[in-house]
Each structure stands twice: as C-alpha cells, then as structure tokens.
Amino acid sequence: MESRLMTSLETTRDDQGRDLLDRYEKTLDCVHCGLCLSVCPTYEITRDETQSPRGRIHLMRAVTEGRLAWDAETARPLNRCLGCLACESLCPSGVDYRHMLETTREELHGKGLDGSVLGRALRNVLITHLVSRPGRVRAVAPVLRGLQRLRLDRLAAKLPLLPSPLRALADGAPMIPPRRVRRPLPRRTPPSPGAPHRGRVVYFSGCVMPQLFGELQHHAVEALAAQGFEVLVPKNQTCCGALAAHQGNMGLAKELLETNVEALLADAPDWIVLDAAGCGAALSEAPHLLEGRPGRAAGARALSEKVVDILDLFHRLDLSPRGFRPEGALPSTPFLAAYDAPCHLLHAQGVDAGPRAVMARAPGVAWVPLEGAENCCGAAGIHGFLFPEQSRAILEKKLDQLERSGAQILFSGNPGCLMQWRQGVRRRGLDVRVEHPAWLL
C-alpha cells in the first residue's frame, strides 16, 4: 500500500500534492518514542493520545494512506494544537512537526474543516479582514477604546447567551491605550548624538503592536538610537502573516510575506529588528514559504538572514541594557523578576541564551527562576479565543508556578503571551506586573 501511495503522490503535479508527499515522508521520521508527550500542553490537560504530537502525526499518516478520512472528528486534534513546537525542541529524531502541521492545516482550511462555523467566521473577521490590514486595526482601535471606557466589553463577557469564543474575546481583549500612546513611530530616527554609529536597522512594527503596545515600541526605537543605530520604519510593511499561517490560510500568509520582503529590504538595512517572537518566527520562514515563487528566493533568504529579536541583537553586539524600574520601587531596592520564554522565540527560532544574558545584565533586577518557563502559556495567537476553556486550563498551571516564584514582575517577549498573562493575573488577583523585556533596554 505504501508503494502505491508514494507512486500516486509522486505523479501529482500541483503544489498541494507535492506538499502531501513531503508531509507523508516526514511522518515516517517519527519513531513513536513518546518523549513529546511530556512537553505537550494539550496532552497534559487531556491525557488523550490524539491530542499529542505523536497522535497527530499518526492521524496525518493514516489519512494520507487512506485508512482514515478528514472529518470534524479527525480534524479536531489538529485544530486544537497550539503549535508551540516544544515537541520539536525535545524530539531525538528531529521530526519536522511544524511543516507537517502547516500542510495539514492548509488542507483542512481548504476542506472547511478548520474548526466550527463560528470559529471559522471569527477567524475570518479577525485575521483576513482586520489583523492582516494594519490600517484597519488603526481605525478600529479608538472605537474599541470607547466601548471599553463604557465597560461594554465587561458586560459582553458576562452574557450567558453569547457563544464562548465571543465571550472569551470580550473578556480577553486588551485595554486599548490612549491616542498619545498609539501615535505612529517616526519613519526615521537618527543615531543619538555622541553614540558610535552601529549601522542601519529596520524596525518591524507589525499589525497589533502599535495599537496595543505603542509606548513600548517608541521606547525600543529610542533604545536602538541611543546605542548608535539609524532606525527606519517602512511605511509599506504589513502584518507578518503568522496568524494566517497558523490557521491554514497559506495564500494570505504568502501574500503578506511577499509585501514585507519588498518593504523591509528596500532601504538595505543591516538588521531587521522585531519585538514580537511570533512575527520573528514567521519572517524567518520566508525561504520555506516563498520557495518556488519566481524571483522571490533571494529576497526571502536575505529577509530571513537579517531578522533578529531586539534582545538578541543587544546580545550579539554586546550592548548593555539600561534597566527598568516600576513605579514605587526604591532605587536601592531591586525588584524580583521572572522570565517566561515565548514559544516562537525559544522553540521556533531556537533563541534563548542571548535574551537571558542581556536581561541578566539589567541593573536594578533580581532574577528568580520560573518553573516551566519553557512551556506554552496557552495564548497561541487567537487560540485562546477559539478554545477558551483549553487555553485557560493551560494557563492555570503557569499561574501556580508564577505565584510560587515570588516574582513582582514577569517579562515575556510576545504580544499574545503578554495579553494571556495579563488576563490570567487579573483574573486571579495577583500583584504582579506583566511587561515586555524590551523595557529593560
């Protein structure tokens, strides 16, 4: 049967057929050792084999071999995977789980099996028509702020007749900051006077970060200029496409990536600096996603090679952070801080030692260990809105670990993680601030 299957797939001419053949060959790398079960957040809370990487790979292979067919039941475990890639970091066989999951989700998206009707509609609105168009995010932000000031989001979160994804969206939506915080970044920021000139960087602002964490981004640009960088913020950059890719809409993800290749490389930067781990992982995938597209290979490769997390850039160039002090803390009193590694920085990009080394040098901070810091918080893009009960169950254990750490402030370098942690801390009533580590710079 395997021989007939391989012959059938090899004679398929379109891209999907080639992707399915590639996925099938990758499933054969899994030796079913089960080590991935120990780090899989969905398996940990369900103890269901199909909710583990090993179980999902078995489903992919069984469908490709014709022993099973995709339907709502067989697709459910793939839709519920967070894509945290902790399994890849641990796998002794080097199984390429991320690209198998990507191909499968594209297939399910094409078949209309990528979740419930409500879930698909919610994704379509949030990703296709809103987040992937930063101009629309910018236009919607003041409207959402007005609704939040009237506390209508709190009311919606408590309406029992509202479907759980919509209640989760109302409850988990972050507070929109004032307009002065959401002001656009300058297109060009010169190096600070007296600073040694270190080159030119392009700052990738993304889609939601300017509206939710605008103050942080202004601070990050100032920190780069203070170190001697010329900082450019291209007008034509757009959403990185990560959320679209995670949901199987690869056509949209590739369209956004092609736009970014042109926009981010136009000024010949030395580095492309990011403050969002998920965006960094998505842009780093450019050579894979744009493979075979005419005239795109060189640009995709150049983009991937220049992408760098802002803390990792400080590490590579041995730059010193200047420190961050919460309001009310005495200058002589270091505050206790913990770091929770974003999955798409640690597992997807393999970046961990650099940011930790920079944070360790920040003045005024006493670092405490955080148990399970390498495990997913349950955010996973909009996963927390689509599967709120599962997302909350994953976060609860993380909140227990945070409480035991004694930290006064928690740092994590991805917007989804920040929103997930802040929601959990608020819900539990913990006296802990949640911030991006770029504030330490």
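Restricting attention to segment 252-278, which residues are surrounded by 24 or more Cβ atoms within 10 Å (Cβ to Cβ) and either in contact with a His (Cβ under 9 Å, 6 or more places away or on another chain) or not hydrophobic (A, V, I, L, M, F, W, C) (or both)?
ALA253, ASN260, ASP275, ALA276, ALA277, GLY278 - these are the residues of segment 252-278 that are surrounded by 24 or more Cβ atoms within 10 Å (Cβ to Cβ) and either in contact with a His (Cβ under 9 Å, 6 or more places away or on another chain) or not hydrophobic (A, V, I, L, M, F, W, C) (or both).
Quick one: in segment 117-139, which of the residues that are among the hydrophobic types (A, V, I, L, M, F, W, C) and surrounded by fewer than 17 Cβ atoms within 10 Å (Cβ to Cβ) is nearest to the chain's Cα centre (by Cα)?
Ranking the qualifying residues of segment 117-139, first place goes to VAL125.
So, in segment 42-69, how many residues would count as being farther than 29 Å from ASN414 by Cα and crowded, with 16+ Cβ neighbours inside 10 Å?
Here the count works out to 6.
Of the residues LEU283, LEU265, LEU274, only one is under 30 Å from SER320 (Cβ atoms) and either among the β-branched types (Val, Ile, Thr) or over 21 Å from the mean Cα position of the chain (by Cα) (or both); which?
LEU265
Looking for whichever is of a type outside the set (Gly, Ala, Ser) and over 29 Å from ARG167 (Cα atoms) here; the options are PRO134, PRO41, PRO92, PRO77. Which one fits?
PRO92
Please work out which residue is surrounded by the fewest Cβ atoms within 10 Å (Cβ to Cβ), limiting yourself to segment 341-389 and to residues that are among the β-branched types (Val, Ile, Thr) and more than 14 Å from the chain's Cα centre (by Cα).
It comes out as VAL368.
Looking at (1) over 23 Å from MET209 (Cβ atoms); (2) at pLDDT below 90, which is the one condition that is false for ARG322?
It is condition (1) that ARG322 fails.
Which pairs do you get when a residue that is modelled with pLDDT under 85, found in segment 104-126, comes within reach of a residue that is among the hydrophobic types (A, V, I, L, M, F, W, C), reach meaning Cβ atoms under 7 angstrom, with the pair 6+ apart or on two chains?
GLY115/LEU386; GLY119/LEU386; LEU122/PHE385; LEU122/LEU386; ARG123/ILE382; LEU126/ILE382
Identify all residues within segment 331-369 that are part of a loop (DSSP other than H, G, I, E, B), out of contact with any Gly (no Cβ under 7 Å at 6 or more places or on another chain) and under 25 Å from ARG316 (Cα atoms); write none if there are none.
ASP340, ALA341, HIS347, ALA348, GLY350, VAL351, ASP352, ARG361, PRO369
Sort out for me the helices (runs of 4 or more DSSP H) sitting completely within segment 171-251 that have 3 or more residues that are within 16 Å of the chain's Cα centre (by Cα) and buried (at least 19 other Cβ atoms within 10 Å of the Cβ).
Fully inside segment 171-251 and qualifying: 209-212, 242-246.
List every residue pair whose Cβ atoms sit under 6 Å apart, with the two residues 6 or more apart in sequence or on different chains, where the first one lies in segment 242-267 and is of a type in the set (A, V, I, L, M) and the second, anywhere, is surrounded by fewer than 16 Cβ atoms within 10 Å (Cβ to Cβ).
If the second residue must be surrounded by fewer than 16 Cβ atoms within 10 Å (Cβ to Cβ), the pairs left are ALA263/ASN236.
The values are calculated or read from the model by the stated rules, or taken from the named source; none is laboratory data. Just so it is clear, the structure is predicted and the values come from calculations on it, not from any experiment. So basically every Cβ, Gly included, is an ideal-geometry build from the backbone, and we count neighbours across all protein chains shown.
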